[in-house]
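**Q** Sharing a structure, written as structure tokens. Questions coming.
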Amino acid sequence: MFYIKLLTLMKKAFFLIPFLFAIITASSQVPDFSGNWKLNTEKSKLNAEFSFAPIELKITHKGNDLSVERHSEFQGESVTMTDKFTLDGKECINAGFMDTQKKSNAAWSEDKKSLKITSKIVMDDGNEIIITEIYRMDGKNLVIDSSSTSSWGEMAETHVYEKN
């Protein structure tokens, strides 16, 4: 009798283990930010006077690599900048604005639902700009909570993007 109960329990465990593994694997997967994204200004929380929000993003996300192409308008000119990151917390260096370097670190949150990118730009006059961006998915929308601090002050925005 004991062996029959043990055998029945083992059969149940045999079928339950793959199911539990699938749940654990699915819950540990990170969001894929890949795609062409357009800024939804109505859903976003942008500064009234000036916003750094790109009007369009083209993101390629493959494994540990993330490439973000930002399309913006500045003083009537189209500006495109591309940043490349590794998603393991190691420093990545990209071109900043006005011939500066942007040093960034990108790492997943503990629950793997958001990606935090912290960047530092040192201007020619010695001023430092610290930019923090947190990428996350909200349904089908890409949301980027962006903040910056420098000697010129602080700024915070929420950019909401819809897939093209």
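**Q** From (1) without any contact (Cβ under 8 Å) to a residue 60 or more places away in the chain; (2) over 15 Å from the mean Cα position of the chain (by Cα); (3) on the phi < 0 side of the Ramachandran plot, pick out the condition that doesn't hold for Asn164.
**A** Against the list (1) without any contact (Cβ under 8 Å) to a residue 60 or more places away in the chain; (2) over 15 Å from the mean Cα position of the chain (by Cα); (3) on the phi < 0 side of the Ramachandran plot, Asn164 comes up short only on (1).
**Q** Name the strands (runs of 3 or more DSSP E) wholly within the stretch 49-164 that hold at least 2 residues that are in contact with a Ser or Thr (Cβ under 6 Å, 6 or more places away or on another chain)?
**A** 56-62, 65-74, 77-86, 101-108, 114-122, 128-138, 141-150, 153-163
**Q** Over 23 Å from Trp37 (Cα atoms), assigned by TED's automatic domain parsing to the domain that holds Lys45 and either free of Cβ contacts under 8 Å to residues at least 12 places away in the same chain or surrounded by 11 or more Cβ atoms within 10 Å (Cβ to Cβ) (or both): which single residue out of Thr118, Thr149, Thr80 fits that description?
**A** Thr149
**Q** Does at least one position in the stretch 156-163 carry a residue that is of a type in the set (S, T, N, Q) and within 17 Å of Arg70 (Cα to Cα)?
**A** Within the stretch 156-163, one or more residues are of a type in the set (S, T, N, Q) and within 17 Å of Arg70 (Cα to Cα).
**Q** Please list, ordered by first then second residue, the pairs with beta carbon atoms under 6 Å, 6 or more apart or interchain, first in the stretch 121-140 and in contact (Cβ under 8 Å) with a residue 60 or more places away in the chain and on the phi > 0 side of the Ramachandran plot, second in a strand (DSSP E or B) and among the basic types (Lys, Arg).
**A** none
**Q** Now for a separate question. Gly89 fails exactly one of the following numbered conditions: (1) closer than 22 Å to Tyr161 by Cβ; (2) within 13 Å of the chain's Cα centre (by Cα). What is the number of that condition?
**A** (1)
The values are calculated or read from the model by the stated rules, or taken from the named source; none is laboratory data. Predicted, not measured: the structure shown is a model, and the values here were computed from it. Methodologically, a virtual Cβ is constructed for each residue, glycine included, from the backbone with ideal geometry; neighbour enumeration extends over all protein chains shown.
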